[in-house]
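**Q** Just dropping this structure here.
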Amino acid sequence: MKRLAVLVAIFAGLGLLPLLVGSDFWLNAIMLALFSALIGQAWNIAGGYAGQFSFGHALFFGIGAYAVAVLQVDLGINPWLGMLVGGALGAGAGAALGWLTFRYGLRGSYFALVTLAFAEVFRILANSTPFTGAGEGILIKLNPHPAMLQFKALSGYYWLLLALTFACFLSVWWLERSRLGAQMLAVRDNEDAAAAVGVDAFAVKLKAMALSGLFMGLAGVFYTQRYLYLDPGLAFGPTQSVEALLVAIVGGIGTLFGPLLGAFALHLLGEAAQTALGDVPGANMVIYGTVLVVMVLFLPRGLASLGKAGLGKAGGRRQGLRRRKRRAKDA
Amino acid sequence: MLEVTALTKRFGGLVAVDGVNLSLPAGGISALIGPNGAGKTTLFALITGFHRPDGGCVRFQGRDVTGEKPFRIARAGMVRTFQIVQPFAGQTVRENIAVGAHMHLSDRAEALARAEEVARAVGLSDRLDRDAADLTVAGRKRLEVARALATDPKLLLLDEVMAGLNPSEIRDVIPVIRAIRDSGVTILLIEHVMQAVMELSDHAWVLNQGRLIAEGAPRALAADPAVIEAYLGHGMAERLAKGAAHA
Ligand SMILES: Nc1ncnc2c1ncn2[C@@H]1O[C@H](COP(=O)(O)OP(=O)(O)O)[C@@H](O)[C@H]1O
Ligand SMILES: [Mg+2]
């Protein structure tokens, strides 16, 4: 309950920001961080809680993004409906990808590589089919009206994004106190032991992928409506995949607040670096890579483990490693 | 309760379980004994669906469960523990046991409460908030039992839950297992500690090189020449008998 109160307080505070922040520049900077928090948390559901590390979450992002774009441009369907379809297709794609990979027992790096491959295949497909606008991309007609899921003021987009992000975080809060969440952690930590006490690991992983895909798809819908333009690289390229997992890892995978911490920390760092270095091409990728290496080496449980309760957890993990080593020696 | 017929498992050229037949009635504690590498753990894995048999069949409560998935067999009420303990490291003892409790309880609070109850039954109440990875060997063995017990099984298959424990720890575990039996759970245990087998079980099977070579009351088995040979090597029963005659 306390965690829920903290969560609600944070998002309520964020909700007031457009009324306090006068400049669109800063509001936009905060939006970029929020967007990262959304896709980071979406990735975290499958990667952090269920232990299925994906390198290809752009697949679900791109499917959601194209769904809302194609539906309104080619078929004239309202984007609010398109948002529902985009989310559903993202979830469906998550479940379908899970079904294909987990059925063949793919785990760890094999799973990660297959997800990456699927995102690439979809990028190539989007490049060559006419209804997605192929390589030229797809342009949504400007019509800034809430009924068309477009807004005149930036704050409109901000609140839309905030609502989606809140829904995602609320889902994870619920997961942490549900049977499904407990089973996801069990499957992540030891699939055989989970199966021995009746956990259907396959079904649990599918549900995790579906929920993860749902929010990734919704993030894609938001992206399309915000920028009113989409091409195969933006939708299915590696950018969103990398950002999603980076944010979760930096913040602390398998934690409720980790992706939020990771997103704001990374964007703060990115802004600082840009101020210091100016517009050096590729600089942000170098920084991201460095941050990732440093985090994995020195703070493998992420920023969230710096908190008091988190410190205990990090300590336990290290002791766990020690024990595992000892056990390996015993055997 | 459990009927195993002509169950066979090969690993390459090795026949780890070779045409095993056994029939386990409901109630009570039975034991499966035999030297290291006899195929006991493999037999448990076959019964509970972790290995697919190369032949034979497993019936649980009259239902054919041969080749079914482990989670389905567990949900049917037949739950195993692992000889090499498999805790969810990084999760607390309470959270570990609650995973078992969630088999029948969907509510988180109820599952956590049930976990506490089960922890009390196996003597882990004082370590509920510890990381499972930080438990001693004895603690981790108890956790294995607790997590399985939390599923409310009808048949509990315990794989060497006393291995690696010192005599006083073994003395502490024996009443725990008795209490589980008294609560109405049928138990089949693999055990090396013969003292524990004698104290706990009314019936035992002896497995050697994948085959059942004897069955009966544990005390009678301990005097069976075939069993002694299996444990101590060829010609040993004869030599022991001679030694006894000389004395
Ligand atoms: N997964 C496996 N692959 C190959 N051989 C195995 C496997 N599991 C067990 N064995 C072999 O099968 C035999 C029986 O092993 P096991 O069932 O563990 O014996 P026990 O539990 O009676 O000590 C041993 O020779 C062991 O090496
Ligand atoms: Mg064994």
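**Q** Can you work out the FRET efficiency for the pair B:ILE174 and B:ARG59, with r the C-beta to C-beta distance and R0 = 30 Å, to the nearest 0.05?
**A** The value I calculate is 0.50.
**Q** Another one. Using the alpha-carbon centroid of each, what span in Å lies between segment B:172-187 and segment A:229-287?
**A** What the calculation gives is 55 Å, centre to centre.
**Q** Through the Karplus equation 6.51 cos²θ - 1.76 cosθ + 1.60, θ set to phi - 60°, convert the phi angles of segment A:88-104 into ³J(HN,Hα) values in whole Hz; use x for Gly and Pro.
**A** 5, 5, x, 4, x, 5, x, 5, 5, 5, x, 4, 5, 7, 6, 4, 9
**Q** Taking each residue in A:100-109, count the Cβ atoms of any other chain within 10 Å of its Cβ, then average. What number comes out?
**A** 0
**Q** Work the Kirkwood hydrodynamic radius out for segment B:2-246: mean of 1/r over every pair of different alpha-carbon atoms, inverted, in Å.
**A** 18.7 Å
**Q** For chain B, modelled as a GNM with alpha-carbon contacts under 10 angstrom, which of B:GLY28, B:GLY13, B:GLY55 fluctuates the most?
**A** For chain B, modelled as a Gaussian network with Cα springs under 10 Å, the answer is B:GLY13.
**Q** When the Karplus curve 6.51 cos²θ - 1.76 cosθ + 1.60 is applied with θ = phi - 60°, which whole-Hz ³J(HN,Hα) does each residue of segment A:221-230 get, with x for Gly and Pro?
**A** Result, ordered by residue: 4, 4, 4, 4, 5, 6, 9, 6, 8, 8 Hz.
**Q** Report the B-A buried area as the accessible area lost on both sides summed, probe 1.4 Å, in Å² to the nearest 100.
**A** When B and A are taken together, about 2300 Å² of accessible area is lost.
**Q** Once the dipole of segment B:1-148 is set up with Lys and Arg at +1 and Asp and Glu at -1 on Cβ about the Cα centre, which of B:GLN91, B:SER125, B:LEU2 lies farthest towards its positive end?
**A** B:LEU2
**Q** Give the average, rounded to an integer, of partner chain Cβ atoms located within 10 angstrom of each Cβ in A:171-180.
**A** 2
**Q** Return the sequence-ordered ³J(HN,Hα) values of segment B:57-69 in whole Hz as given by the Karplus equation 6.51 cos²θ - 1.76 cosθ + 1.60 applied to θ = phi - 60°, using x for Gly and Pro.
**A** Working through the residues one at a time gives 8, 10, 10, 10, 6, x, 9, 6, 10, 4, x, 6, 5 Hz.
**Q** In whole angstrom, note down how far apart the Cα centers of segment B:55-116 and segment A:4-57 are.
**A** Each part's Cα centre sits 37 Å from the other's.
**Q** Please compute the average number of Cβ atoms from other chains found within 10 Å of each residue's Cβ in peptide B:83-94.
**A** 5
**Q** With N denoting the number of residues in chain A, provide Rg(C-alpha) divided by 2.2 N^0.38 Å, to two decimal places.
**A** Rounded to two decimals, the normalised Rg is 1.00.
**Q** Follow-up. Kirkwood Rh, the protein assembly as shown, all Cα pairs: how many Å?
**A** After inverting the pairwise mean of 1/r, the radius is 26.5 Å.
**Q** Non-local amide H neighbours of B:ARG211 (under 5 Å, H modeled in plane, Pro and chain starts lacking H): which ones?
**A** Amide H to amide H, under 5 Å and 5 or more residues apart or across chains, B:ARG211 pairs with B:ASP18.
**Q** In the protein assembly as shown, what % of DSSP beta bridges are antiparallel (nearest 5)?
**A** Once the DSSP bridges in the protein assembly as shown are tallied, antiparallel ones form about 60 percent.
**Q** Can I ask one more? State in Å² the accessible area per residue of the protein assembly as shown; use a 1.4 Å probe, count heavy atoms of protein chains only, and round to the nearest integer.
**A** 44 Å²
**Q** Putting +1 on Lys and Arg Cβ atoms and -1 on Asp and Glu Cβ atoms, find which of A:LEU19, A:ALA273, A:LEU230 reaches farthest to the positive end of the dipole of the protein assembly as shown.
**A** A:ALA273
**Q** While we're here: Can you tell me the FRET efficiency between A:HIS145 and B:ARG72 if r is taken as the Cβ-Cβ distance and R0 is 60 Å, rounded to the nearest 0.05?
**A** Approximately 0.65, to the nearest 0.05.
**Q** Right, here's the next one. Can you pull the percent of segment B:2-246's accessible area that's carbon plus sulfur, 1.4 Å probe, other chains left in place?
**A** In segment B:2-246, the share of accessible area belonging to carbon and sulfur is 51 percent.
**Q** Counting each DSSP H run of 4 or more residues in chain B as -39500 (n - 2.57), what helix-only mean residue ellipticity at 222 nm follows after dividing by all residues, to the nearest 500 deg cm²/dmol?
**A** Taking each H run of at least 4 residues, the total per residue is -11500 deg cm²/dmol.
**Q** Right, next: Can you pull the accessible area of A:THR290 for me, 1.4 Å probe, Å² to the nearest 10?
**A** Taking all protein chains as shown, A:THR290 has close to 80 Å².
**Q** Could you compute how much accessible surface A:HIS145 exposes when probed at 1.4 Å, giving the result in Å² to the nearest 10?
**A** In the full protein context, A:HIS145 sits at about 100 Å².
**Q** Let me ask something else. Hey, can you rank A:171-178, A:87-94, A:42-49 by average C-beta count inside 10 Å, highest first?
**A** For the peptides A:171-178, A:87-94, A:42-49, the packing ranking is A:42-49, A:87-94, A:171-178.
**Q** Also, quick follow-up: Assign unit charges at the C-beta atoms only (+1 for Lys and Arg, -1 for Asp and Glu), then state the dipole size of segment B:2-246 relative to its Cα centre in Debye, rounded to the nearest 20.
**A** Here the size comes out at about 340 debye.
**Q** Right, something else. Of A:LEU81, A:LEU38, which has the most accessible area and how do the rest follow, probe 1.4 Å?
**A** If we order A:LEU81, A:LEU38 from most to least accessible, we get A:LEU81, A:LEU38.
**Q** Please report the accessible area of B:VAL122 (heavy atoms, 1.4 Å probe, ligands and nucleic acids excluded) in Å², nearest 10.
**A** Here the accessible area works out near 0 Å².
**Q** Along the positive direction of the dipole of segment A:1-157 (beta-carbon charges: Lys, Arg +1; Asp, Glu -1; about the Cα centre), which of A:LEU149, A:PHE53, A:VAL73 reaches farthest?
**A** A:PHE53
**Q** Still on this structure, I have one more. Based on the mean of other Cβ atoms within 10 Å per residue, sort peptides B:200-206, A:255-261 so the most packed one is first.
**A** In decreasing order of mean packing, B:200-206, A:255-261 become A:255-261, B:200-206.
**Q** Taking the Cα centre of the protein assembly as shown as origin and charging only Cβ (+1 Lys, Arg; -1 Asp, Glu), how large is the dipole, in debye to the nearest 20?
**A** So the dipole magnitude of the protein assembly as shown works out to roughly 660 debye.
The values are calculated or read from the model by the stated rules, or taken from the named source; none is laboratory data. Just so we're clear, the structure is a prediction, and the values are computed from it rather than from any experiment. Don't worry about glycine lacking a Cβ; one is built from the backbone with ideal geometry, like all the others, and counts go over all protein chains shown. Protein only, heavy atoms only, side chains kept; ligands, DNA and RNA dropped before computing areas. Shrake-Rupley method; radii C 1.70, N 1.55, O 1.52, S 1.80 Å.
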